[in-house]
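A.B. asks: This is the structure I have questions about; it appears just below.
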Ligand code: ADP
């Protein structure tokens, strides 16, 4: 579904060449949730921008559903991009448009007729639990509700992949949990593959099947969530694990395991 093969990305700045991403490999199968964790400047945003085709990597290849996208001409690139939805920390909602229109406008721009737009807006507002807020404006919503609108807007374009760029980092812990529950529901019920980036281990522990730890542009450790949580090897991974409270960590080790498709996911209690 998403394959990054030996991806590197360099930027040329006044102070010289910055290698934001160095020789990174990512392989996300359909229906999985993968998470990239790292401190600020680790290269996470650049990596995810290579997946959603906003950046072309300097080296390496990006495959979306088996199609190599790095050398696609613009019209085909746009088509490939339609398979990918994106949510951000800042929501990016239109302040002067209602909740309904925030979801409807991008669909209209994509050429869907009024009836199809209505069907999709209503369907995805129901999935994110905001049917009763369709006439509200963004400034009448909480942060969590704004993020739900942003998620509905991304889903309404019926992507196969959802990318999340620090989508919960502006939210309080309780709201973060409810958004992560929503992402899990979207993954299970709609079968959408998710790749998220975060600097918070709590986000990773709640929903990810597989984890990549990034530092200075490199993936310094990657593993399925269970192995990473129980047998971390890299000091940076251990540092991140120490940010989870002891109570959660010990309950992680004795938590139930449940199998979703080919992957085993940790459930923390
Ligand atoms: P993260 O998302 O983990 O905080 P980024 O991918 O944003 O990391 O940045 C990784 C490195 O690349 C940083 O050193 C950053 O300053 C640099 N970088 C990112 N984008 C650009 C750009 N457009 N021009 C120059 N340097 C950049």
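A.B. asks: Among the residues of segment 106-122, are any crowded, with 19+ Cβ neighbours inside 10 Å, within 27 Å of residue 49 (Cα to Cα) and within 19 Å of the chain's Cα centre (by Cα)?
C.D. replies: Scanning segment 106-122, I find no residue that is crowded, with 19+ Cβ neighbours inside 10 Å, within 27 Å of residue 49 (Cα to Cα) and within 19 Å of the chain's Cα centre (by Cα), so the answer is no.
A.B. asks: Could you look through segment 169-183, keep only residues that are touching a residue at least 40 places away in the same chain (Cβ under 8 Å) and in contact with a helix residue (DSSP H, G or I) (Cβ under 7 Å, 6 or more places away or on another chain), and pick out the one that is surrounded by the fewest Cβ atoms within 10 Å (Cβ to Cβ)?
C.D. replies: Here the residue is 170.
A.B. asks: I've got another one for you. Identify all residues within segment 12-51 that are under 25 Å from residue 75 (Cα atoms) and within 13 Å of the ligand (Cβ to nearest atom); write none if there are none.
C.D. replies: Within segment 12-51, 45, 46, 47, 48, 49, 50, 51 qualify.
A.B. asks: With (1) surrounded by fewer than 21 Cβ atoms within 10 Å (Cβ to Cβ); (2) under 15 Å from the mean Cα position of the chain (by Cα); (3) more than 16 Å from the ligand (Cβ to nearest atom); (4) under 22 Å from residue 3 (Cα atoms) as the list, and residue 193 as the residue in question, which single condition is left unmet?
C.D. replies: So the condition that residue 193 fails would be (1).
A.B. asks: Follow-up question, since we're still on this one. Does any residue of segment 14-21 turn out to be under 22 Å from residue 192 (Cβ atoms) and surrounded by 14 or more Cβ atoms within 10 Å (Cβ to Cβ)?
C.D. replies: No, there is no match, as no residue in segment 14-21 is under 22 Å from residue 192 (Cβ atoms) and surrounded by 14 or more Cβ atoms within 10 Å (Cβ to Cβ).
A.B. asks: Give just the number: which of (1) in contact with a strand residue (DSSP E or B) (Cβ under 7 Å, 6 or more places away or on another chain); (2) on the phi > 0 side of the Ramachandran plot; (3) more than 13 Å from the ligand (Cβ to nearest atom) does residue 70 not satisfy?
C.D. replies: Exception for residue 70: condition (2).
A.B. asks: A further question on this structure: Pull out all pairs, ordered by first then second residue, where Cβ-Cβ is under 7 Å, the residues are six or more apart or on different chains, the first lies in segment 10-28 and is under 10 Å from residue 60 (Cβ atoms) and modelled with pLDDT of 95 or more, and the second is within 9 Å of the ligand (Cβ to nearest atom) and assigned to a strand (DSSP E or B).
C.D. replies: 21/9
A.B. asks: For segment 1-24, how many residues are farther than 16 Å from residue 55 by Cα and within 21 Å of the chain's Cα centre (by Cα)?
C.D. replies: Result for segment 1-24: 1.
The values are calculated or read from the model by the stated rules, or taken from the named source; none is laboratory data. Being a predicted model, the structure only gives us computed values, none of them experimental. A quick note on method: Cβ atoms are made from the backbone with ideal geometry, for glycine too, and the neighbour counts reach across all protein chains shown.
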